[in-house]
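Structure first, then comments.
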Amino acid sequence: MIICFKWFQLFTIFMVCFLFSCAPSINQFYPDFYYTEDNIYQNKPLGFLLTFIGNWNLITDPHDMDRANRNHARKFKKSGVELLFIGENVEGFIGTRGVAVNLNVPAREYAEYVRMINREDVRSDSGLVDVYVNKHPAVRWVYEKEGFKFAEYFFCSTTYDIRIAFWTENSLFENFVSVFEQIMGTLTLT
């Protein structure tokens, strides 16, 4: 009886490990890299890079993300959008995320679509504003959602629509909005 129970335990452990190893992988269409020593995010296939001001922890490979963000990456992927990176500053006060989709539409059109599908959850929407980030046309959207304030930037690189989001608690937003603008000011299309 004890031998049978031990065998059942080992078999169960083996099956659980086997099932988790068969989880579908998340392929990256636009492989990228974050150079921690220089705080530079580079995406060669999409043709852009950003320099992050201060110390950041950015994860570019979905397999290295926690379960919630991996699931988020899968959800994006099903709708044709790729989660490029997710991260936060080392103190954990600011979050960031980058996504890309090959829609070949103007940045404003993509921003309007994103704004429309998120309208139910958004509070205190400042509207879409046409801006230039490092001489490149873009659209900025600032809004509040669930106790956080977001600044999102939409721009195009060839046929790709890119969306970079930053967020922090409502009470801290004004302290960090200049950091978001500085980071986006380093945008280089390659």
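The values are calculated or read from the model by the stated rules, or taken from the named source; none is laboratory data. Since the structure is predicted, the reported quantities are computational estimates derived from the model, not experimental observations. Glycine gets a Cβ as well: all are built from the backbone with ideal geometry, and neighbour counts include every protein chain shown. The area values use the complete protein model at the heavy-atom level, side chains included, leaving out ligands, DNA and RNA. Shrake-Rupley method; radii C 1.70, N 1.55, O 1.52, S 1.80 Å.
Overview of results
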| item | result |
| --- | --- |
| Of the criteria (1) among the hydroxyl-bearing types (S, T, Y); (2) modelled with pLDDT under 95; (3) closer than 15 Å to F93 by Cα, which one S124 fails | (3) |
| Conditions (1) in contact (Cβ under 8 Å) with a residue 24 or more places away in the chain; (2) under 17 Å from A165 (Cα atoms); number of the one not met by N102 | (2) |
| Listing of strands (runs of 3 or more DSSP E) fully contained in segment 87-167 that carry 3 or more residues being under 15 Å from the mean Cα position of the chain (by Cα) | 95-101, 148-157 |
| Segment 52-83, residues that are touching a strand residue (DSSP E or B) at 6+ places or on another chain (Cβ under 7 Å), within 18 Å of Y160 (Cα to Cα) and open to solvent by 30 Å² or more (accessible area, probe 1.4 Å) | F76, G80 |
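For every residue, the table says whether it meets (1) touching a His at 6+ places or on another chain (Cβ under 9 Å); (2) surrounded by fewer than 18 Cβ atoms within 10 Å (Cβ to Cβ); (3) under 22 Å from F176 (Cα atoms).
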{"position": "G92", "(1), (2), (3)": "no, yes, yes"}
{"position": "N104", "(1), (2), (3)": "no, yes, no"}
{"position": "Y110", "(1), (2), (3)": "no, no, no"}
{"position": "I117", "(1), (2), (3)": "no, yes, no"}
{"position": "V122", "(1), (2), (3)": "no, yes, yes"}
{"position": "S126", "(1), (2), (3)": "no, yes, yes"}
{"position": "Y132", "(1), (2), (3)": "no, yes, yes"}
{"position": "A138", "(1), (2), (3)": "no, no, yes"}
{"position": "W141", "(1), (2), (3)": "no, no, yes"}
